[in-house]
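Worksheet for the structure shown next.
Rule-based calculations on the coordinates, nothing more; no lab input. All values derive from a computational prediction rather than experimental measurement. Glycine gets a Cβ as well: all are built from the backbone with ideal geometry, and neighbour counts include every protein chain shown.
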Amino acid sequence: MQAIQDFSNRLISNVEKVIFGKRETVELTVICLLCQGHLLIEDVPGVGKTMLAKALARSIGGAFKRIQFTPDMLPADVTGTSIYNQKTGEFEFRPGPIMAQIVLADEINRATPKTQAALLEAMEERQVTVDGVTHTLKPPFLVLATQNPIEYEGTFPLPEAQLDRFLMRISLGYPTPDQLIAILDAQQYHHPIDDIAQVTSTSELLDMQEQLKSVYVDALIKQYIAELVDKTRSHPDVYLGASPRGALALYRTAQARAVTHGRDYVIPDDVKALAQPTLGHRVIISPAARIKDIDTGGILDELLRAIPVPGARVTR
């Protein structure tokens, strides 16, 4: 497990050359990458969402594509299309930007539901189907989507099926005054993204993703995860609770967090730290609770306080 810890530290340190003072957020991004998941970065403009995606892509050296979502975009603009070749008399597939390894879906909520749906198969099945022909996406495949939670004009909220396919939802937040000064100093002559070098390879990443699966998770921890997810469905202020995919997300990310903190086993603190990023976007608040300004963060904190934390297992 030392190899995975060294791998994650290399990535985190490299990305922090661009994203200042946000180590926890960068760590969550690397955890998402190790767990073969997709990441939704939700925050106001100008805090570094796009730079985070670019820095991660350059660090692993994977094929990178950026999709700028707009209301007039069509599904074929994402997946690709078949074009008739007059010389051969056959249709040729022209791949879209989704046929990459690291895909930045910028302002994903500006696309229409029809175009958003073009991502569903790619995110879950790691493949796209165009004109009845299925094209497999080359691993590793990661979608980093960004959206602005403040501006609603000209946007289309992501449906529950789309949200559930994101392993985690994170935000960067505004920097502190000291962090802002560091950003100003770093960009005085050129942007630090230009200095980001590749620190690993996609083959090493795939190897780390496989090794991660062997991190030990005790039966009591699994029960703790299952109870937490189950309680989200019976809470009086919740309209729709977390899905089994949410439980798997919490399970996998807890394994990754354990390794990044130097352990080959999961503890309850791993589950607690990742409950909000993995379950927060999967829990839908009821309309009555929304009027009372109740949010998912408060509900998950309440459940974490109420559910007994599993203790140590006694061995003889």
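Remarks
- Screening region 1-68 for helices (runs of 4 or more DSSP H) wholly inside it with 2 or more residues that are among the acidic types (Asp, Glu) returns the ranges 23-34.
- Exclusive hit being in contact with a Leu (Cβ under 7 Å, 6 or more places away or on another chain), surrounded by 13 or more Cβ atoms within 10 Å (Cβ to Cβ), closer than 16 Å to Ile67 by Cα and of a type in the set (A, V, I, L, M, F, W, C), set Leu142, Leu119, Leu167: Leu142
- Subset of region 211-267 (residues that are free of Cβ contacts under 8 Å to residues at least 40 places away in the same chain, under 16 Å from Asp164 (Cα atoms) and among the aliphatic types (A, V, I, L, M)): Ala247, Leu248, Leu250
- The set of residues from region 222-245 being within 23 Å of the chain's Cα centre (by Cα) and farther than 16 Å from Leu304 by Cα comprises Leu240, Ser243, Pro244, Arg245.
- Identity of the residue in region 249-276, among the basic types (Lys, Arg) and under 17 Å from Gln5 (Cβ atoms), that ends up farthest from the chain's Cα centre (by Cα): Arg263
- Residue match in region 62-82 (condition: free of Cβ contacts under 8 Å to residues at least 40 places away in the same chain and farther than 22 Å from Gln162 by Cα): no
- Residue among Gln198, Gln211, Gln188 that alone is exposed (fewer than 12 other Cβ atoms within 10 Å of the Cβ) and on the phi < 0 side of the Ramachandran plot: Gln188
- Yes/no for Ser286 being surrounded by fewer than 18 Cβ atoms within 10 Å (Cβ to Cβ) and in contact with a strand residue (DSSP E or B) (Cβ under 8 Å, 6 or more places away or on another chain): yes
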